[in-house]
Amino acid sequence: MTTFSDTLSNFIKEKKIKINDMINYVDIDRSTFYKIVKGKRNPSNRHIVEKMIAYLRLSQKEVDQMWQDYEITILGAYTYFRRKHIKLFLKESITSMYNDTPEILESTPRYQSVKDFPDFFNVIGDYNVNLTISQVLNLEMSREHPLLKICVQPDHQFIMSGLNHFIFKNRKAHIEHLFCLDNTESMNANHLIYNLDYFSHVMPLLLYGDNYVPYCYYNHIMTKENQMSFYENVMITQDFVFTFTRDCQNGILFKNQEIIQSYQTIFNRYLKETQPLTKLIQYTDYWRYTQDILHKNYQTPCYSYATQPCITLIFDPKIFNMRKYIPEDFFNIDEFEKIFYNFANSFREQLYDNEFKLLFTPQGLEYFVKEGISDELPFGFDIVCDIEDRLNALKEWRSFMARYDCLLMIHDDAMPKESRMYFLFSPNVGFISPMTQTGNFYSISIEETSLISAFYDYLQNLAEKCAYSKQETIDLFTQYIHYLEAELAKEKEQAQ
């Protein structure tokens, strides 16, 4: 039995379905139908599943279960839930993750300053452990240059919430975070894929640029969780070491500087045996990094994804006057413009020779047409394009669509239309460019192979299974061109 056949046979029994009538309605061979019910064969297409659902008269919850089990049977459980997790990652508003700070972080401190703490004491109970965590964090973050080393799994919500809360208050904080990733491509009983889940938890902290640096090592997570361990979580500041159990029921706080130095030495030694989970790509290195991906992956499928069409394709002074949107006091504006247009030209040339697909959504296109807001390059400028430039952009995109196949409009509601994130992935490298909490763009290079594989698979599936036809896309561009032409005529009429 497959997941789908098991669900289908259960619905047939529960609803006391007459098999002959259902076979006639679905319009498939009797032998094929029984093979599907017994799990010896899968439905040949989605239309068959749609007719089965219609005949069974399922509730919406049951319909969702049927489709989920069909996808699991066709794709495999791991691939299905991995894609589902990526979609959830895209759907969530990352800048709002962990904005709600636990009340305990605002509790009246047990000790007012470092000198009030004893050199050593035991902490018992999850409330007291969490209170100690918040007090230690608060004291460190009150320094001018906080330094924090932690060894704790990213699904520890209280600590991750606290870190996000305090680093927001002090942007000079430097945090080194060491944790374990799963060394197997497996899920737990709740379909949780650990590495993706951990990445979702650390992403809010990555939005602060180079203030937060995650490092990882590998083990079998499910085995690790079932092992007995003694105070495996450690938090090291300039004044304290706090070590506590996984269940947060017991902890020990040290204030002795010799002990703190010993823990720092051990922590730094462990770091040498780990690898960075991500790497920050500074703005000045972004273009070189993008070109390097295209060069190293020549004729290898690569995918970029943003809600809006790639505006770099049409950055030409004759079409799109970028200088209008750059502040007059911008340092060395002539050199910047020259470098950027050179990059745009090189980018287009490499696109023609590469299997590179640029994905966007109709929602993002509409947002650009109606609002004129582009969050793509050049980073750091709030570009609101005037109607004439929007119109020129759409005409160029339409022309590009007619000549080439690399610009794809896709069915995907994962990212909201105003999303300020950009993804670029090849089979072996990739990066994410989000709008950070500081209001700037950084590119975060993903260094961990299972994460690269997960994002690449998701984008590849969008390109192969969820793209509109070329003609549908051209028709939508044409529709918006007519709309902007009318808006431009109104604007000129009002100006007279």
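The values are calculated or read from the model by the stated rules, or taken from the named source; none is laboratory data. Just so it is clear, the model here is predicted, and its values are computed rather than measured. Glycine gets a Cβ as well: all are built from the backbone with ideal geometry, and neighbour counts include every protein chain shown.
Key figures for this structure:
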item	result
Hits in segment 157-174 (condition: out of contact with any strand residue (DSSP E or B) (no Cβ under 8 Å at 6 or more places or on another chain) and assigned to a helix (DSSP H, G or I))	Gln157, Phe158, Met160, Ser161, Gly162, Asn164, His165, Phe166, Phe168, Lys169
Condition check for Lys16: loosely packed, with under 15 Cβ neighbours inside 10 Å and at pLDDT 95 or above	no
Count of segment 27-50 residues which are touching a helix residue (DSSP H, G or I) at 6+ places or on another chain (Cβ under 9 Å), part of a loop (DSSP other than H, G, I, E, B) and over 29 Å from Ser186 (Cβ atoms)	4
Qualifying residue in segment 125-143 (condition: farther than 14 Å from Thr237 by Cα, of a type in the set (Val, Ile, Thr) and without any contact (Cβ under 8 Å) to a residue 12 or more places away in the chain)	no
In segment 296-317, residue modelled with the highest pLDDT [restricted to those that are farther than 15 Å from Phe400 by Cβ and surrounded by fewer than 21 Cβ atoms within 10 Å (Cβ to Cβ)]	Pro301
Residues being among the basic types (Lys, Arg) and surrounded by 11 or more Cβ atoms within 10 Å (Cβ to Cβ) - total across segment 437-489	1
Hey, Leu163 at negative phi, at pLDDT below 90 and assigned by TED's automatic domain parsing to the domain that holds Gln238 or not	yes
Top-ranked residue in segment 168-189 [being modelled with pLDDT of 80 or more and of a type in the set (D, E, K, R); ranked as surrounded by the fewest Cβ atoms within 10 Å (Cβ to Cβ)]	Lys172
Residue match in segment 121-136 (condition: part of a helix (DSSP H, G or I), more than 20 Å from Phe244 (Cα to Cα) and at pLDDT 80 or above)	no
Criterion (in a strand (DSSP E or B), touching a residue at least 12 places away in the same chain (Cβ under 8 Å) and on the phi < 0 side of the Ramachandran plot) met by exactly one of Ser450, Ser433	Ser433
Scan of segment 133-146 for residues that are under 19 Å from Lys115 (Cβ atoms) and surrounded by fewer than 20 Cβ atoms within 10 Å (Cβ to Cβ), ordered by number	Asn138, Ser142, Arg143, Glu144
Sole residue being within 30 Å of Leu206 (Cα to Cα) and in contact with a helix residue (DSSP H, G or I) (Cβ under 6 Å, 6 or more places away or on another chain), chosen from Ser443, Ser419	Ser443
Flag if Asn24 is outside any helix (DSSP H, G or I) and either of a type outside the set (Lys, Arg) or modelled with pLDDT of 95 or more (or both)	no
Residues of segment 216-232 that turn out to be surrounded by fewer than 20 Cβ atoms within 10 Å (Cβ to Cβ) and either modelled with pLDDT of 90 or more or not in a loop (DSSP other than H, G, I, E, B) (or both), as a count	8
Selection count, segment 115-161, where residues are more than 26 Å from Val213 (Cα to Cα) and of a type in the set (Val, Ile, Thr)	2
Qualifying residue in segment 336-343 (condition: farther than 22 Å from Ser443 by Cα, hydroxyl-bearing (Ser, Thr, Tyr) and at pLDDT 75 or above)	no
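Rundown of residues vs (1) modelled with pLDDT under 95; (2) assigned to a loop (DSSP other than H, G, I, E, B); (3) in contact with an Asp or Glu (Cβ under 6 Å, 6 or more places away or on another chain); (4) surrounded by fewer than 13 Cβ atoms within 10 Å (Cβ to Cβ), yes/no style:
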residue	(1), (2), (3), (4)
Met52	no, no, no, no
Gln65	no, no, no, no
Glu71	no, no, no, no
His85	yes, no, no, no
Asp100	yes, yes, no, yes
